Structures are given as structure tokens and as C-alpha cells.
Amino acid sequence: MVEQKLTVTLLTGRTIEQGIGKEKGKASKEYFDACSMCYMDADDMKKLGVKNNTNILVSTPDGSVVLKAVRYPRSATPGLIYIPYGPWANAICSDKTTSIGMPSFKGTPAEVAPAPEMQVLSIEELLMKEFGR
């Protein structure tokens, strides 16, 4: 049975592709492709009824963002999603530091839903949505 939403735990972090894209420039296609995606477990993708490179809506208590779903290539990771560092991850992670000076980018409760009719925002569109400029 295909579920409409999946409850997961969000992890964020660096990837080689994100680092390469950052070196090419945050306005580059490489950066966009590397950071506007979400790694998911293959079985979780099946449960949700999404295929590789299908748009999904990831929502946390701090916001929502549309990303491309990408099957995690290394191992099974049921119940976990991974988004590379960047503005798309920042849009849904809390900015609270709990007095340690660094927000938590690991262990955020999230929901994932198919979003084939929605588009992944460019970095300019995302910043306009988040900051109004």
C-alpha cells in the first residue's frame, strides 16, 4: 500500500558533490544538483510511491521544502533521510542553538510526501521565499 506521508528522521551533512558544487559557485548547476536533493531508503521510496528523481515535499516543525528524492546507494536506511548542507536544508532546520552556538543538523523529526506537481526552487527563488529579498 502506498502511503501519502512518511514520518522520518532528517540528517544533514557534507557530501563530496556539495563541496565540488560550492567551489564552482552557489549559483552553479552543480551546486543546485548536489544540494537540492534528498537521499532516501529504497523501501521508504516504494512505501511513498516515489521513484528516483521524483519531487518530494519535506516538512519539519521549522518549514517545508521541495527536493528531488534520490535512492541512497550504499545501504538500507529505513526511517532516515539525508539532505546535503545548503540553503534547502537550512530552510527546514531549526536555527536554535540551545546555547552551544551551533544549530542541530541531525535528528530532526520530518515528514516526506510526494510532490510531483511542485517544483524545486532555485537558490534565488528559495532565498526570496525565506527572506523576501
Item to check | Accessible surface, 1.4 Å probe, highest first, among residues D33, D41 | outcome: D33, D41
Checklist entry - Accessible surface of T54 in the full protein assembly, 1.4 angstrom probe, to the nearest 10 Å²? => result 40
Checklist outcome for this item: A correct Karplus calculation of ³J(HN,Hα) over region 109-114, with 6.51 cos²θ - 1.76 cosθ + 1.60, θ = phi - 60°, whole Hz and x for Gly and Pro, returns x, 8, 10, 10, 9, x
Item to check | Cleavage-rule hits (GluC sites (Glu not before Pro)) in region 1-84: DSSP loop, at most 14 neighbouring Cβ within 10 angstrom | outcome: E3
Checklist entry - Amide H to amide H under 5 Å from L80: which residues, 5+ apart in sequence or cross-chain, H placed 1.01 Å off N in plane? => result T9, D41
Next on the checklist: Output wanted: per-residue J couplings in Hz (rounded whole) for region 120-127, from phi through Karplus 6.51 cos²θ - 1.76 cosθ + 1.60, θ = phi - 60°, x for Gly and Pro.
Outcome noted: 6, 6, 5, 4, 5, 5, 5, 5
Checklist entry - So, with +1 on the Cβ of K and R and -1 on the Cβ of D and E, and no other charges, what is the size of the charge dipole of the chain about its Cα centre, to the nearest 20 debye? => result 220
Checklist entry - What residues qualify as long-range amide H neighbours of G49, i.e. H under 5 Å apart, gap of 5 or more or another chain, H built at 1.01 Å from N? => result E3
Checklist entry - Which cross-chain or sequence-distant (5 or more) residues have an amide H under 5 Å from the amide H of V70, H modelled 1.01 Å from N in plane? => result C38, Y39, M40, N53
Item to check | Accessible area in the full protein assembly, largest first, 1.4 Å probe, for K22, K5 | outcome: K5, K22
Checklist entry - Can you give the relative contact order of the chain as a percent, counting alpha carbon pairs under 8 Å and 6+ residues apart? => result 35
Next on the checklist: Can you give me the solvent accessible area of M128 with a 1.4 Å probe, rounded to the nearest 10 Å²?
Outcome noted: 100
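The values are calculated or read from the model by the stated rules, or taken from the named source; none is laboratory data. Just so you know, these numbers come straight off a predicted model, no measurement behind them. Here Cβ is always computed from backbone atoms with ideal geometry, including for glycine, and neighbour counts include all displayed protein chains. These accessible areas exclude ligands, DNA and RNA; they are computed on the full protein's heavy atoms, side chains included. Shrake-Rupley method; radii C 1.70, N 1.55, O 1.52, S 1.80 Å.
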